[in-house]
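J.: Questions regarding the structure given below will be posed in turn.
The values are calculated or read from the model by the stated rules, or taken from the named source; none is laboratory data. Note that the structure is a prediction, hence the values are computed from the model and not measured. Counting neighbours? That spans all protein chains shown, and the Cβs are built from the backbone with ideal geometry, glycine included. Surface areas here come from the heavy atoms of the whole protein model, side chains and all, with no ligands, DNA or RNA. Shrake-Rupley method; radii C 1.70, N 1.55, O 1.52, S 1.80 Å.
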Amino acid sequence: MKKLLLAAAAVAALNVSSTSLRAAEHEAHPPKEDWSFNGVLGEFDREQVQRGFQVYKEICSACHSLNYVAFRNLETLGYSEAQIKTLAATYDIDDGPNDQGEMFKRKGKASDRFPHPFPNEQAARLANNGALPPDLSLMTKAREGGPDYVYHLMLGYEDAPAGFHLLEGLSYNKYFPGNQIGMPKQISDGVVTFADGSPNDAAHIAKDVTAFLHWAAEPKLEARHSTGLRVTLYALLFAVLAFFYKRRLWKNIPH
Amino acid sequence: MNTEKSTIRKIYEWHEARLPIVSWLDHSLGTKYPVPRNLNYWWNFGSLAMFMLAVMIFSGIFLAMNYTPHVTMAFDSVERIMRDVNYGWLIRYMHANGASFFFIVVYIHILRGMYYGSYKAPREVLWWIGLLIYLAMMATGFLGYVLPWGQMSFWGATVITNLFSAIPLVGDSIVTLLWGGFSVDNPTLNRFFSLHYLLPFVIVGLVFLHIWALHVPGANNPLGIDAAPADKIPFFPYYVAKDVFGLAVFVVIYFAVVFWAPNLLGDPVNYVKANPLVTPAHIVPEWYYLPFYTILKAIPNKLLGVIAMFGSILIMFALPWLDTSRVRSASFRPVFRVFFWIFVANALMLGWCGAQLPEGLPVILGRIGAFWYFFHLVILLPMLGWLETPKPLPTSISQSVLKAAE
């Protein structure tokens, strides 16, 4: 195993061969989307992210974990403490051991993280044709292209072009590296119905859930933008004052 | 007039007689440190580098309070910093991007020294200490990049530590020592964390030596000629004011990246937890190593590649003697000036090649660039010194300054 790893690393570093890397050139480049969280003061669209959370709950969470997000974090999306407690209580959480040394199930609390859909990696692979559904907490930061890639990936399922050798159990996706993805198409028109009557065609559903995932990956984005604007304006003002001070000081110094 | 000394003055004089620290500071960076009056804004980058070192140490100390150097917890502890620690996201983004900006500043500082011949006599030791700082920064940056224990942390560590296995006879033993075992694992992470905390303070010590070595001959200047006492002005307040202005402008740019593009310079794969069983499709080091990574890759023999890579930095220690010209500043060396900018463009191209998949054009350009890097330093520089006719030098800084003012 060790030798194999070293060999793999050496190959990658010293480029003895790179045939396996060539596949990376066939994927389509995901176009840029207009997101509410882009821009100098970009913020999450609360309603959109709430809808996206519903999509995650009803579709993605069947296979994908959300390890780094706790129920309490949902408060920033506009849910009340009572709503969060009620929601958390609908989940069964493994806890223990108790006084008898037994593990037990209890109702979820606001401080719990979202529970894993599978007990372990092997169970997850068994249920998914050998593929491991990745954790989604950081997904929009963990892929080249970010939210644009994640959004287009969910809509990028197509029939494989003629002559393309698609392995058994995999799907063709024009944005996925290598074009063969373990996840079958999940998002299509009407798979989710939103309580507020928002459009639920595939594009809107994918957009909403991507916004939710970006909130999950970058929960401090809004604080970052607003703090950033204040700090940067302060520094700019300071730079202007420093410039005039410097100029006055140097006025009579030929240099 | 009251000739009676104030109490504060008395305490100050009592203390200065025992430890003259205020006088020492005044001589180091104050009113008693004379600096040529004609320094341009390229001379701001030394103090900017010192500022970045301070930012890195302070943000790093607070990160270390919340970070856990264990393979099962390191990645999670970084995410806890990002999500649950008060302003943890700010501290981490300042630190992660701070490394990049530290390198940007230091690269400009080094190139300024190369353009204006600041490495030439009598500043050779100053140049050497600067190179030692740079080497310590490279090591610190590499060690620090491993700590979040993402995919690129793990695989970067595997690839880079494996370079030492190219050393004949003892190579494998050195790699085992670096790893603390037979693969990159928990002992590796622990020692990397320890060393990542140690090396910045080594850099602080080297910075003291660097500034000491600077004060012996005094600062070089854009004309590259020795400055007469009349051509100098005190560091405080003149250059302090200029450095503060430069710092404010720099900080605006640094903050723009920290607050609006904090992951721009990072690799997305490092947001995936390290997995020894899955190799990323394309292992790339951080951008500031890329030119050297290309030199490593340009030579299809591992040992020779490693020698070329380390040699490309070590050869810089000989720069004061490779450059045979007596004229310091490129302003008076018309041919050298052209080749200097070709050297800079070549270094940028080497960096670009380092980030590409190793096939086709980047491989060819990488080899040409690696050749040119050494050709410039070993062949061109000595030749230029002998063949080039420099422009006449001004007799003094004031002569040049007053002429420009007319």
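J.: Using θ = phi - 60° and the Karplus form 6.51 cos²θ - 1.76 cosθ + 1.60, what ³J(HN,Hα) does each residue of the stretch B:194-205 get, whole Hz, x for Gly and Pro?
T.: Using θ = phi - 60°, the values come out as 4, 5, 5, 7, 7, 4, x, 7, 5, 4, 4, x Hz.
J.: May I pose another question? I want to check the label-to-label distance for B:GLU13 and B:TRP212. Put each point 7 Å from Cα in the C-beta direction and report it in nm to one decimal.
T.: Computed distance between label sites B:GLU13 and B:TRP212 equals 3.1 nm.
J.: I need the fraction of alpha carbon pairs in the stretch B:192-291 separated by more than 19 Å, rounded to a whole percent.
T.: Everything past 19 Å amounts to 73 percent.
J.: Apply 1/(1 + (r/R0)^6) to the Cβ-Cβ distance of B:ALA256 and A:ARG46, taking R0 = 30 Å, and write down the FRET efficiency to the nearest 0.05.
T.: It comes out at approximately 0.65.
J.: Placing unit charges on C-beta atoms (Lys and Arg positive, Asp and Glu negative, everything else neutral), compute the dipole magnitude of the stretch B:298-406 about its Cα centre in debye, rounded to 20.
T.: My answer is approximately 180 debye.
J.: Ranked from the most accessible area to the least, with a 1.4 Å probe and all protein chains present, what is the order of A:PHE176, A:PHE71?
T.: Most to least solvent-accessible, the answer reads A:PHE176, A:PHE71.
J.: For chain B, set up a Gaussian network in which alpha carbons nearer than 10 Å are linked by springs, and say which option among B:TYR116, B:TYR238, B:TYR134 fluctuates the most.
T.: Of the options given, B:TYR238 has the highest mean-square fluctuation.
J.: Next question. Quick check on my link table: of A:LYS32/A:LYS207; A:LYS107/B:LYS273; B:LYS5/B:LYS32; A:LYS85/A:LYS105; A:LYS251/B:LYS403; A:LYS246/B:LYS32, which ones sit more than 21 Å apart, alpha carbon to alpha carbon? Walk me through the numbers before you get to the answer.
T.: Values: A:LYS32/A:LYS207 12 Å; A:LYS107/B:LYS273 29 Å; B:LYS5/B:LYS32 23 Å; A:LYS85/A:LYS105 17 Å; A:LYS251/B:LYS403 17 Å; A:LYS246/B:LYS32 19 Å.
Over 21 Å Cα-Cα: A:LYS107/B:LYS273; B:LYS5/B:LYS32.
J.: What Kirkwood hydrodynamic radius do you get for the stretch A:71-112 when you take the inverse of the mean 1/r over all pairs of distinct Cα atoms, in Å?
T.: Kirkwood hydrodynamic radius for the stretch A:71-112: 11.0 Å.
J.: Sticking with this structure for a sec: Give me the percent of accessible area attributable to carbon and sulfur for the stretch A:71-112, probe 1.4 angstrom. Kindly include the intermediate steps, with their values, before the conclusion.
T.: On the way: 1410 of 2880 Å².
Taking all protein chains in place, the stretch A:71-112 shows 49 percent carbon and sulfur surface.
J.: I would also like to ask the following. Counting each DSSP H run of 4 or more residues in the protein assembly as shown as -39500 (n - 2.57), what helix-only mean residue ellipticity at 222 nm follows after dividing by all residues, to the nearest 500 deg cm²/dmol?
T.: -17500 deg cm²/dmol
J.: Let me ask something else. How much of the pair distance distribution for the stretch B:41-283 lies past 23 Å, counting alpha-carbon pairs only, in percent? Before the final figure, lay out the partial values.
T.: Numbers: 16610 of 29403 pairs.
Percentage above 23 Å: 56.
J.: Sticking with this one: With Rg and the Kirkwood Rh both taken from Cα atoms, where does Rg over Rh land for chain A?
T.: My calculation puts Rg/Rh at 1.10.
J.: Have a look at the stretch A:155-253 and give its Rg and Dmax from the Cα atoms, expressed in angstrom.
T.: Computed over the Cα atoms of the stretch A:155-253, radius of gyration and Dmax are 25.7, 80 Å.
J.: Which FRET efficiency, nearest 0.05, do B:SER173 and A:ARG247 yield, Cβ-Cβ r, R0 51 Å?
T.: 0.25
J.: Whole-Hz Karplus ³J(HN,Hα) for the stretch A:64-71, in order, using 6.51 cos²θ - 1.76 cosθ + 1.60 and θ = phi - 60°, x for Gly and Pro?
T.: For the stretch A:64-71, the Karplus curve yields 9, 7, 9, 3, 9, 9, 9, 4 Hz.
J.: Another one. One quarter of the convex hull surface, Cα atoms only: what value does that give for the protein assembly as shown in nm²?
T.: 40.4
J.: Let me ask something additional. Let me know the charge dipole size of chain A about its Cα centre in debye, to the nearest 20, where only the beta-carbon of Lys, Arg (+1) and Asp, Glu (-1) is charged. Intermediate values should be presented prior to the final figure.
T.: Values: 27 positive and 29 negative charges, 305 e Å.
About 1460 debye.
J.: Once the piece of chain linking B:LEU357 and B:PHE182 is laid out straight, how much longer is it, given 0.36 nm per residue of separation minus the C-alpha distance between them?
T.: Length gained, B:LEU357 through B:PHE182: 60.1 nm.
J.: Mind checking the per residue accessible area of the protein assembly as shown for me, 1.4 Å probe, whole number of Å²? Mind dumping the intermediate values first?
T.: Working: 33120 Å² over 661 residues.
Per-residue accessible area for the protein assembly as shown comes out at 50 Å².
J.: Run the reach check for B:LYS297 against lysines, Cα to Cα strictly under 26 Å, same-chain hits fewer than 8 apart removed. What comes back?
T.: By straight Cα distance, B:LYS297 reaches A:LYS2, A:LYS3.
J.: So what's the stretch B:298-406 giving for Cα Rg divided by 2.2 N^0.38 Å, two decimals?
T.: Expressed relative to 2.2 N^0.38 Å, the Cα Rg reads 1.36.
J.: Can you put B:MET65, B:MET137, B:MET349, B:MET56 in order of accessible area, largest first, using a 1.4 Å probe? Kindly include the intermediate steps, with their values, before the conclusion.
T.: On the way: B:MET65 125, B:MET137 5, B:MET349 50, B:MET56 30 Å².
Largest to smallest exposure gives the sequence B:MET65, B:MET349, B:MET56, B:MET137.
J.: Provide the FRET efficiency to the nearest 0.05 for the A:HIS165-B:HIS70 pair, computing r from the beta carbons and using R0 = 51 Å.
T.: Working: r = 43 Å, r/R0 = 0.84.
It comes to 0.75.
J.: Compute, for A:HIS165, the solvent-accessible surface of its heavy atoms (probe 1.4 Å) with the complete set of protein chains present, and express it in square angstrom to the nearest 10.
T.: 140
J.: The stretch B:310-372: which chymotrypsin sites (Phe, Trp or Tyr not before Pro) are DSSP loop and have at most 11 other beta-carbon atoms within 10 angstrom? Don't jump to the answer; show the numbers that get you there.
T.: Values: sites: B:PHE310, B:PHE317, B:TRP321, B:PHE332, B:PHE336, B:PHE339, B:PHE340, B:TRP341, B:PHE343, B:TRP352, B:PHE371, B:TRP372; in loops: none.
In loop regions of the stretch B:310-372 (DSSP not H, G, I, E or B), there are no sparsely surrounded chymotrypsin sites (Phe, Trp or Tyr not before Pro).
J.: Pick from B:LYS232, B:LYS297, B:LYS120: which residue has the top mean-square fluctuation in a GNM of chain B where Cα pairs under 10 Å get a spring?
T.: B:LYS232
J.: Then there's this: Between A:GLU81 and A:ASN98, what length in nm is gained on full extension when 0.36 nm per residue of separation is reduced by their alpha carbon distance?
T.: Here the answer is 3.3 nm.
J.: To continue, here is another question. Name the residue, out of A:THR90, A:THR193, A:THR210, whose mean-square fluctuation peaks in a Gaussian network model built on chain A with Cα pairs under 10 Å.
T.: Judging by the Gaussian network model, the answer is A:THR90.
J.: Now for a different question. Tell me which GluC sites (Glu not before Pro) from the stretch A:105-205 have a DSSP coil assignment and no more than 15 other beta carbons within 10 Å of their own.
T.: Within the stretch A:105-205, the qualifying GluC sites (Glu not before Pro) (loop, at most 15 other Cβ atoms within 10 Å) are A:GLU144, A:GLU158, A:GLU168.
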